[in-house]
Amino acid sequence: MTMALNETHAPELRSWVESANQPGSDFPIQNLPFGVFRRRSEGAQSAWHVGVAIGDAILDLHTVIDAGAFSAEPALAQQALKAAGGESLNALMALNVAAWSALRLSLSRSLRVGSPVQSTLQAALVAQKDVEFALPAQIGDYTDFYTSVHHATAIGKLFRPDQPLLPNYKWVPIGYHGRSSSIAVGPQQFRRPLGQTKPPEADAPVFGPSKRMDYEMEVGIFIGSGNAPGDAIALDQAEANVFGLCLLNDWSARDIQAWEYQPLGPFLAKNFASTISPWVVTLEALAPYRLAWSRDAADPQPLPYLDSAAMRESGAFDIELEVALQTSAMRQAAQPPQRLSLSNFRYSYWSVSQLVTHHTVGGCNLRPGDLLGSGTQSGPAPSEAGSLLELSAGGKQPIQLTNGESRTFLEDGDTVVMRAWAQRPGLARIGFGELSGTLLPARTA
Ligand code: MN
């Protein structure tokens, strides 16, 4: 099921874009993630282009098409490049693994040291510092899952001390249909939401700004070609329907959530803003960083439609997930964001393929550009918690920051920065870039 390694993963590959060869770069030639950008100086009237990150630059695929630089490449790569010529990734996502892979191979060969098209492609390079980003795709539908059993248990203890983990959790991937209109690409700024909250001792709810604003460190899963209504995607076909992964911050108003969530789940607590990272890292780029998927022998094993030998062999991803916070005071003092947690996507209780298969098993159609959220990724250790609600034990234990400030929940002006990367001894390190978002004061009447 997992894509085999090929020449594009070779650790010794070097790019003629020198910054891509620097240790610690998120975007070496083994990565080649896709995004949508325009030069900041071009103004609001100019078109968005699809680009590929390489070092501290972007290869503008629109310019590559115009320059005819891929005329000697295989037809499948040319078809994929043409699909990437629009203002979003949807048309490329709607193709298939073979086309994505052909484009990746052509890009890899073209960006390598010694490439015959180097001088042509040089003109298609744009510095990342000079661009602004758009959403990588038009997101038709967004579904958020709940795949960290550590997060689900910790949150459950706070909301339902008597029954932290509900009996369905270990049998069915839990999720809800979310809101796509308020998903934006980072860096995003948004206002603290207003809503109904009810303090435990109060008789009636009050209306006002949320007092318990939180983030959720999640992995975003962009769907590729999808399925027809009424069809289902079998488990061993699921990853062929995933274009790639990004970072997702599912901002959450915990006090609004606590009052509204029963019986139908999150609503206004999560629909005001969600932020994703600009770059989508393809599953092919992530092929060297796969892990066996396993389920504790004491737990229920997945039902047959959610289980396969191939999924167990390599269904998990070894991706480090970091959350950092920069308060206004830190920003004013030119202090960098401070790390709050470090976890790993490997702890996910459900695999990406299980999420895709489960979503479609009843006949629901997924479409190119649909986004699935993994749910907050918390690991087993307290320092691996992917939300403030967990790190502060429901607001009871303030987190001390090195500059003397402390936090239970977010304060106005706080910027949350998420990063992720995959690395293995003897292999290139690839990164997801940075996802940042800033909480602004609530709207005043
Ligand atoms: Mn979430």
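Taken together, the values in this text are just the output of simple stated rules run on the coordinates, not laboratory data. All values reported here derive from a predicted model rather than from experimental measurement. No Cβ is skipped: glycine too gets one built from the backbone with ideal geometry, and neighbour counts run over all protein chains shown.
So, by mean Cβ neighbours within 10 angstrom, what's the order for 402-411, 348-357, 89-98 with the highest one leading?
Top to bottom by mean Cβ count within 10 Å: 348-357, 89-98, 402-411.
So how do 390-399, 203-212 stack up, highest first, on mean other-Cβ count within 10 Å?
My ranking of the peptides, most packed first, is 390-399, 203-212.
What does the net charge come to around Ser25 if you take all other residues with beta carbon closer than 12 Å to its beta carbon, with K and R at +1 and D and E at -1?
-1
When only alpha-carbon atoms count, how far does the chain stretch along each of its three principal axes, as whole angstroms with the largest first?
72, 54, 40
Grab the chain and count how many Lys pairs have their alpha-carbon atoms under 16 Å apart, sequence gap of 8 or more, or different chains.
So the count works out to 4.
If you plug each phi of the range 191-204 into the Karplus form 6.51 cos²θ - 1.76 cosθ + 1.60 with θ = phi - 60°, what whole-Hz ³J(HN,Hα) values come out, in order, with x for Gly and Pro?
7, 3, x, 9, x, 8, 9, 10, x, x, 8, 7, 7, 9
Hey, what number do you get for the chain at 222 nm if only DSSP H runs of n ≥ 4 count, each worth -39500 (n - 2.57), divided across all residues, to the nearest 500?
-5000 deg cm²/dmol, from helical runs alone.
Check Asn365: other-chain or 5+ apart residues with amide H under 5 Å from its amide H, H built from backbone geometry?
Sorted by chain and number, the residues that satisfy this are Gly230.
With N denoting the number of residues in the range 294-359, provide Rg(C-alpha) divided by 2.2 N^0.38 Å, to two decimal places.
Compactness ratio reported: 1.69.
Among 243-252, 147-156, 172-181, what's the highest-first ranking by average C-beta atoms within 10 angstrom per residue?
243-252, 147-156, 172-181
In a solvent-free Debye calculation with one equal scatterer on each Cα, what is log10 I(q)/I(0) for the range 7-134 at q = 0.16, 0.21 Å⁻¹, listed in the order of the q values?
-0.74, -1.31
What does the charge count around Leu439 come to, taking other residues whose C-beta lies under 11 Å from its C-beta (Lys +1, Arg +1, Asp -1, Glu -1)?
-2
Identify the trypsin sites (Lys or Arg not before Pro) of the range 244-320 meeting these criteria: DSSP loop state and at most 16 other C-beta atoms within 10 Å of the C-beta.
The qualifying sites are Arg295.
In the P(r) worked out for the range 383-433, what percent of Cα pairs fall beyond 15 Å?
It works out to 62 percent of all Cα pairs.
Using a cut-off of 14 Å between beta-carbons, work out the net charge of the residues near Ser106 (Lys and Arg +1, Asp and Glu -1, Ser106 not included).
+1
Going by C-beta contacts inside 10 Å, put Glu218, Glu434, Glu239 in order with the fewest on the left.
By the 10 Å Cβ count, ascending: Glu434, Glu239, Glu218.
Hey, what do the phi angles of the range 91-101 turn into as Karplus ³J(HN,Hα) couplings, whole Hz, using 6.51/-1.76/1.60 and θ = phi - 60°, x for Gly and Pro?
For the range 91-101, the Karplus-derived couplings read 5, 5, 4, 6, 6, 8, 4, 4, 5, 4, 5 Hz, x marking Gly and Pro.
If amide hydrogens are placed 1.01 Å from N in the peptide plane, which non-local residues have theirs closer than 5 Å to the one on Val242?
Gly224
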